[in-house]
1. What are the equivalent ellipsoid semi-axes of region 144-292, built from the alpha-carbon gyration tensor (square roots of five times its eigenvalues), in whole angstrom, biggest first?
2. What does the charge dipole of the chain about its Cα centre add up to, to the nearest 20 debye, if the Cβ of each Lys and Arg holds +1 and the Cβ of each Asp and Glu holds -1?
3. Distance between the C-alpha centers of region 146-190 and region 1-67? Whole Å please.
4. To the nearest 0.05, how large is the calculated FRET efficiency for residue 215 and residue 152 if R₀ is 22 Å and r is the Cβ-Cβ distance?
5. Can you give the alpha-carbon Rg of region 1-113 over 2.2 N^0.38 Å, where N counts its residues?
6. Please enumerate, by chain and number, the lysines with C-alpha under 23 Å from the C-alpha of residue 43, excluding those fewer than 8 residues away in the same chain.
7. Quote the relative contact order of the chain in percent (integer), defining contacts as alpha-carbon pairs under 8 Å separated by 6+ residues.
8. Please tell me the relative contact order of region 179-261 in percent, rounded to the nearest whole number, where contacts are Cα pairs under 8 Å and at least six residues apart.
Amino acid sequence: MAFVTLKQILLETREKKYAVPSIGADNHVLFEAVLQQAEAENKPVILMIPGFLLKEMDPCFFEYARLRIIQSSVPVCLHLDHAASYEECMNGIKYGFSSLMIDGSSLSYEENVTLTKRVVEAARPCGISVEAEIGHVAGGEGNNNDGNEVDVDAFTNPGEAERFAKETGVDALAIAFGTVHGVYKGTPKLNLELLDEIRGRVEIPIVMHGGSGLSDEDFRNAVSHGISKINFCTGLFLNTTEAARAAIEANGNKMQLPAVLGVIQKRAREEVSHLFEVYHTQSVDLKNIAHK
Ligand code: 13P
């Protein structure tokens, strides 16, 4: 069975120095494209759906997602991204996610700890992983209009990150060291010294949000300095839309929907393949992680 938790799928990342792509896949077209590419390359992958969409989506989608993942040949984690409340996380458990991100990063340190601990206490007995965020990554994915600015004042404090990981018992920790969600305003600059310091103090896997807009060199640096999971959504949405637009135009504006969806899936698979390469993602033997 290939359906695994976040803790399991990230287990070997630190030692083997690679990251697992965590990709926005809130519809069948992208979900299948991402998963099929992972299967074609025998690589682990995290499929994520943002918390705010839970109320809007047909619950049957989650049934399909679970059954599809169970039958997959590669390790796959179904991750609820940026849940804004305890209640949203409980819905994630109800719908069968194997991992939840509770985002208390806009709260005070104490409030973030309290909320995160409550989620961990509910999720752990169900065998579900929890990711949280300390410091704050600005912007919103899919926000592709004017671009988002990096908030240096909200960068993660290494001492707080160490305390937070110990006090909450989370399985993975998202940090802020130079990325934003959505489109960047200006050129991103990762603070790798800060990442090194945090990496030295935090033993659990560290997560980078806001992967879209970074260069291949940024990705390679982030991974070699200890990032285990990299979120990527906006770039996938923009680049697949652009591929569809270009194909429609190239066909005299006469393309029909099934062909357009095929173009989108092909481009999505190319994007995923590129991420596997620059994240240095390694194949995982299920036997090594199944009982962790
Ligand atoms: P991007 O908007 O840069 O793709 O980041 C997505 C993300 O971090 C989701 O949590």
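1. Numbers: eigenvalues 230, 82, 30 Å².
Equivalent ellipsoid semi-axes, largest first: 34, 20, 12 Å.
2. Numbers: 27 positive and 40 negative charges, 176 e Å.
Dipole size: approximately 840 debye.
3. Value for the Cα centre distance between the two parts: 22 Å.
4. Details: r = 20 Å, r/R0 = 0.89.
After rounding, the FRET efficiency stands at 0.65.
5. On the way: Rg = 14.3 Å, N = 113, 2.2 N^0.38 = 13.3 Å.
Region 1-113 yields a ratio of 1.08.
6. 7, 16, 17, 229, 266, 287, 292
7. Numbers: 599 pairs, mean separation 66.7, N = 292.
23 percent.
8. Values: 77 pairs, mean separation 24.0, N = 83.
Answer for region 179-261 is 29 percent.
The values are calculated or read from the model by the stated rules, or taken from the named source; none is laboratory data. A quick note: this is a predicted structure, and the numbers were derived from the prediction, not measured. Backbone-built Cβ (ideal geometry, glycine too); neighbour counts: all protein chains shown. These accessible areas exclude ligands, DNA and RNA; they are computed on the full protein's heavy atoms, side chains included. Shrake-Rupley method; radii C 1.70, N 1.55, O 1.52, S 1.80 Å.
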